[in-house]
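For reference, the structure is listed below as structure tokens.
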């Protein structure tokens, strides 16, 4: 009897868990569609802005910049665009604030640690800036064995990845870069591919030593466009109005902020898709466990009834 009660309690417990996982799957499914639309709508603008920045940067590298006085570090384009030796790498890691998303956070941590080890093996120092708090415990433990520093954790930005939060992170990273605390800015994020897959990637923001197209292949395939090398070149007779320096002072902050914003959107969509997939699998697994336990319950119940019948028959035979 106690065995039947235990099985019944387990079935009820799993059914309650299944209700939660099913609800979380539905919530994630509703959110991921909106996040997917945001990613797809923002990619064309991000790509065109990157192409524009590429052209202006190539035109600007032919000359030297005079120092400027700015209130914000992100506006100090001469310091942000200067060539320098990379002694300290700054990694901005896009993580999440919530769990129950399968191996999402673990994949980010694994990729980040590989990049950290690679930088350390090259004799560089490493500083981390974490957007989201789920990766923090694992990276904090790793920091005890590896020689790197976690400078800041921005837990709130992943709850609402908007342009304001992107500007906050961009300004902090730019301040560290201008002050010489770090010599490069690398974003580690997850590029959303579809509801089932994402890819952990590293995007180099600064220094702009070799300008590379921002996911050109993916944009070309998604929007059915064709680009050639000449589309990234500037005619030597091109004139800039009001002047090249004024344009740089506007476009550099836009470039930094928008790429970070794009990384936020990609990470959010990837996280929601991973959570939807994980909760779907959990719901299906719960259903399978309920099915198996129900069979066990029926077998145990049948065995109990058979035993009771045998006892009745044995008792009747004893009275003869």
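What to note about this one:
- Test: residue 150 is touching a helix residue (DSSP H, G or I) at 6+ places or on another chain (Cβ under 9 Å), part of a strand (DSSP E or B) and either crowded, with 16+ Cβ neighbours inside 10 Å or modelled with pLDDT of 95 or more (or both): yes
- Count of residues meeting criterion [in a loop (DSSP other than H, G, I, E, B) and under 13 Å from the mean Cα position of the chain (by Cα)] in segment 103-130: 1
- Considering 243, 183, 235, 220, the condition of being in contact with a strand residue (DSSP E or B) (Cβ under 9 Å, 6 or more places away or on another chain) and either more than 16 Å from residue 54 (Cα to Cα) or modelled with pLDDT under 95 (or both) is satisfied by 183 alone.
- Among (1) part of a loop (DSSP other than H, G, I, E, B); (2) surrounded by fewer than 22 Cβ atoms within 10 Å (Cβ to Cβ); (3) in contact (Cβ under 8 Å) with a residue 24 or more places away in the chain, the one test that residue 96 misses: (2)
- Unique residue being crowded, with 19+ Cβ neighbours inside 10 Å, out of contact with any strand residue (DSSP E or B) (no Cβ under 9 Å at 6 or more places or on another chain) and at pLDDT below 90 when the list is 157, 208: 208
- Of all residues in segment 186-201, those being in contact with a helix residue (DSSP H, G or I) (Cβ under 6 Å, 6 or more places away or on another chain), modelled with pLDDT of 90 or more and either in a loop (DSSP other than H, G, I, E, B) or over 19 Å from residue 275 (Cα atoms) (or both) number 2.
- Residues located in segment 251-269, provided they are out of contact with any helix residue (DSSP H, G or I) (no Cβ under 7 Å at 6 or more places or on another chain) and over 12 Å from residue 46 (Cβ atoms): 267
The values are calculated or read from the model by the stated rules, or taken from the named source; none is laboratory data. Bear in mind the structure is a predicted one, so any value in this text is a computation, not a measurement. Here Cβ is always computed from backbone atoms with ideal geometry, including for glycine, and neighbour counts include all displayed protein chains.
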